[in-house]
Amino acid sequence: MFSRWLAAVVLCVIAATAQADATADHWQYTVRPGDTLWNLCERFAQDPVFCWRQLAANSAVDDPYRMSPGKVILIPLAWLKEQPMPARAERVNGEVWLLVGDNAPEPVENGAEIAFGDTIETGEAGSVVVRFADNSEVAVKPDTVLKVNHYRRFVDVGNEPTELQLERGAIRNTVTPRDTDARVFRVYTPGVMTAVRGTEYHVRVTDDAATLSEVVKGEVEVAAARGTTPVPAGYGTVARDGQAPAKPVKLLPAPDVTLKAGARGLRAEWSPVEGAEAYSVELFDADGVLRQSEQISESRWRAKPQAGEYQLLVRAIDARGLRGQERLLDATVSKGAWPWDALLFIGGAGLLLAL
């Protein structure tokens, strides 16, 4: 059983990678019950007659009037009414690189296109958000390697999967609900796959190759060698290669944070959360760019960002490494006062002059 499952997962990953080039100029349509080739061409093609003739002559279509459900039809993008939209990089901060084939890594800038098969790598303080045609987003956290095997390129044209391969680090996925598609947003990690239709959730690969999944909204299916586990909102699970996913556990509650903001920066304090071994703190600017990310053991935090609007996200971390419910707070750092470092410097200089 294990060998068959592992072989299936490996084949899925290999197939997704191999098809990146083959399908870059084509749209993959998965046949549904009742589909005919004419209905397919009439619905999606600019020239239905041309589409029907060309695909009917293709040996991949056995019977244009009775197509087998589940069969994948490749249609050239140039034939479609709706043209594809590439995935793009947004909210780039710090060191972020794009690896294309065997080429040397290139720095990523806002607006950069992400193609099938590209790999994104972030530095220790780097982050980026990848946005797809349907407004699904993947927030790539610091020290992460993410390969984009395939993604949805259309708003109205369905049946196109998004398949990502998380090799290291962490991502937060916000997936636009899809009423007509099966679970086609998939994240592959070592020996594990998560699949959803529309939800918000975190996926992380630890240094010892464990996959941690935490669900904010909706439901996620986590599949590993010995079974599939549904994980509802507010729960998380840990999965490893060769083992069944652990029974989902309730995430720790969000800390009750008191945040003070002013000209001297930000100060946050909260009561210790029962069961927490550490806390995750992330600071975002007004544009949603991740400016600071850290894991701390104490229940207090401070920062001295530049003047502006910010959002602070605090989560408790349990013994398994699962991050808990999110506490998000708005804050304004105002102008008009000297930063703490400057005040200390001026005070020290004054003392020296007095001496």
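Miscellaneous remarks
- Placing R0 at 25 angstrom, the Cβ-Cβ distance between residue 241 and residue 99 gives a FRET efficiency of 0.55 after rounding to 0.05.
- Counting lysine pairs in the stretch 113-255 that sit 8 or more residues apart in sequence, or on different chains, and whose Cα atoms lie under 24 Å apart gives 4.
- Sequence ranges 130-136, 144-150, ranked by mean other-Cβ count within 10 angstrom, highest first: 144-150, 130-136
- Positive minus negative residues near residue 68 (Lys, Arg vs Asp, Glu; Cβ under 13 Å): 0
- Sequence-separation-based contact order of the stretch 87-250, relative, with Cα cut under 8 Å and 6+ spacing, percent: 14 percent
- Euclidean distance of C-alpha centroids, the stretch 55-117 and the stretch 175-232, integer Å: 22 Å
- Each of residue 58 and residue 155 was given a label point 7 Å from its Cα along the Cα-to-Cβ line. The distance between the two points is 2.6 nm.
- At an R0 of 51 angstrom, the distance between the Cβ atoms of residue 124 and residue 78 translates into a FRET efficiency of 0.75.
- In a DSSP loop and with at most 13 other Cβ atoms within 10 Å, the chymotrypsin sites (Phe, Trp or Tyr not before Pro) in the stretch 49-107 are 65.
- Annotation: extensible slack from residue 26 through residue 113 equals 29.6 nm (criterion: 0.36 nm per residue apart, minus Cα-Cα distance).
The numbers here are math on the coordinates, done by the rules we state, and not lab data. Fair warning: this is a prediction, and the values are worked out from it, not measured in the lab. Note that each Cβ is placed from the backbone with ideal geometry, even for glycine, and that neighbours are counted across all protein chains shown.
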